[in-house]
1. Considering only residues that are under 16 Å from the mean Cα position of the chain (by Cα) and more than 11 Å from the ligand (Cβ to nearest atom), which ones fall in the range 71-84?
2. Enumerate the strands (runs of 3 or more DSSP E) found wholly within the range 103-175, keeping only those where 3 or more residues are buried (at least 22 other Cβ atoms within 10 Å of the Cβ).
3. Here are some conditions: (1) surrounded by 15 or more Cβ atoms within 10 Å (Cβ to Cβ); (2) part of a loop (DSSP other than H, G, I, E, B). Gly279 meets all but one. Which one does it not meet?
4. I need the full set of residues from the range 102-124 which are over 17 Å from the mean Cα position of the chain (by Cα) and either without any contact (Cβ under 8 Å) to a residue 12 or more places away in the chain or within 16 Å of the ligand (Cβ to nearest atom) (or both), in order please.
5. Can you find even one residue in the range 238-247 that is more than 25 Å from Arg27 (Cα to Cα) and either surrounded by fewer than 16 Cβ atoms within 10 Å (Cβ to Cβ) or among the acidic types (Asp, Glu) (or both)?
6. Quick check: anything in the range 187-208 in a strand (DSSP E or B) and in contact with a helix residue (DSSP H, G or I) (Cβ under 9 Å, 6 or more places away or on another chain)?
7. Just the residues that are of a type in the set (D, E, K, R) and part of a strand (DSSP E or B), please, taken from the range 176-186.
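Values in this text are rule-based calculations from the coordinates and carry no lab data. Bear in mind that the values here come from a model prediction, so they are computed numbers and not experimental data. Neighbour counts are summed over all protein chains in view; Cβ atoms, including those assigned to glycine, are modelled from backbone coordinates with ideal geometry.
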Amino acid sequence: MSGGLELTSSRDARVGDMTVRRLLPLRLRRSVGAWCFADHYGPMSVDGVAGMAVPPHPHIGLQTVTWLICGNVLHRDSLGSEQMIRPGQLNLMTAGRGIAHSEESPAEHDPQLHGIQLWVALPEAARLAEPAFEHHADLPATGVDGFQITVFLGSLGGAESPARVFSPIVGAEIAATRDARGMIPLAPAHEHVIFVTDGSAQVEGTAVSPGSLLYLGTGREQVPVAAATGSRMFLLGGVPLGEPLLMWWNFVARTPTQIAAAVADWQDGRFGSVGGYDGDPLPAPPLDAGRLRAAR
Ligand code: MN
């Protein structure tokens with residue numbers, strides 16, 4: 001492997017009834033730019049079964065990014081938003097000072113499900129931002145040497161997503177529409193990760209397949225990528241956040257006091273309610289001081 005590249009493996013995690021590949025956070029790398037959480041799930045058959053069923057749960061201090069490769073998912077939140085999402089579209093929820101949401105396969109859903117779920121940490125100055133929800137069905141795309149690049153957050157190679165961000169960032173899907181080999185443009189001030197959801201890719205000579213995460217440090221203007229037809233990868237990057245994050249359950253904060261306040265707010269119903277979900281909200285796990293210290 002060339003200098004400056006780090007290849008890590010995902011760990012299996014449970015989200016409802018689904019097993020997902022958790023790519024971020026890494027124990028020794030809590031964030032990449034402001035990206036602090038990345039799950040990849042599927043492809044899986046949800047034909048004739050409930051599919052995704054994530055009951056109402058709260059968030060603070062982050063934005064959630066929902067992106068599908070296959071299938072459909074219904075989002076509802078405590079602002080009253082109700083939004084179906086399909087491949088190529090973005091659901092972006094800004095939690096800020098606090099929001100609750102549910103995500104589920106609708107009663108009538110597509111037979112296959114494949115997607116990613118990402119979190120973006122809000123910088124301290126925006127940590128308590130007003131909660132908001134955005135759906136973007138039309139996102140900028142650009143072609144590079146046989147790769148179709150869709151920019152869903154931030155900007156890349158002159159394409160800029162209309163979605164609201166709070167730090168210099170990029171989130172992009174890179175799909176090989178033929179056997180493709182080319183240079184993907186990067187912002188030198190950003191650090192980046194690349195992971196693959198379909199097929200495989202060679203990134204500066206390093207093989208990346210589903211379940212692997214390749215980290216690229218700052219200072220690069222481009223990276224050489226090769227992939228066979230139908231392969232798909234994701235590029236996440238941003239200016240290094242430079243702020244320590246404390247992540248606990250669905251909360252991103254800075255101090256144990258902030259986490260404890262969010263747990264109490266959820267237990268006491270101060271996040272507001274999410275309508276329409278057939279089932280109970282998720283209870284917060286017990287707050288354990290030792291595990292909280294280890295989460296820093
Ligand atoms: Mn969530």
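1. Val73
2. Because the criterion is at least 3 residues that are buried (at least 22 other Cβ atoms within 10 Å of the Cβ), the strands (runs of 3 or more DSSP E) in the range 103-175 that meet it are 112-121, 147-156.
3. Only one criterion in (1) surrounded by 15 or more Cβ atoms within 10 Å (Cβ to Cβ); (2) part of a loop (DSSP other than H, G, I, E, B) is unmet by Gly279, namely (1).
4. Ser105, Ala107, Glu108
5. No, the range 238-247 has no match at all.
6. No, the range 187-208 contains no residue that is in a strand (DSSP E or B) and in contact with a helix residue (DSSP H, G or I) (Cβ under 9 Å, 6 or more places away or on another chain).
7. The one that is of a type in the set (D, E, K, R) and part of a strand (DSSP E or B): Arg181.
Residue-by-condition table, conditions (1) out of contact with any Ser or Thr (no Cβ under 8 Å at 6 or more places or on another chain); (2) crowded, with 22+ Cβ neighbours inside 10 Å:
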residue: Ser10; (1), (2): no, no
residue: Val15; (1), (2): yes, no
residue: Thr19; (1), (2): yes, no
residue: Ala53; (1), (2): no, no
residue: His57; (1), (2): no, no
residue: Gly61; (1), (2): yes, yes
residue: Val65; (1), (2): yes, yes
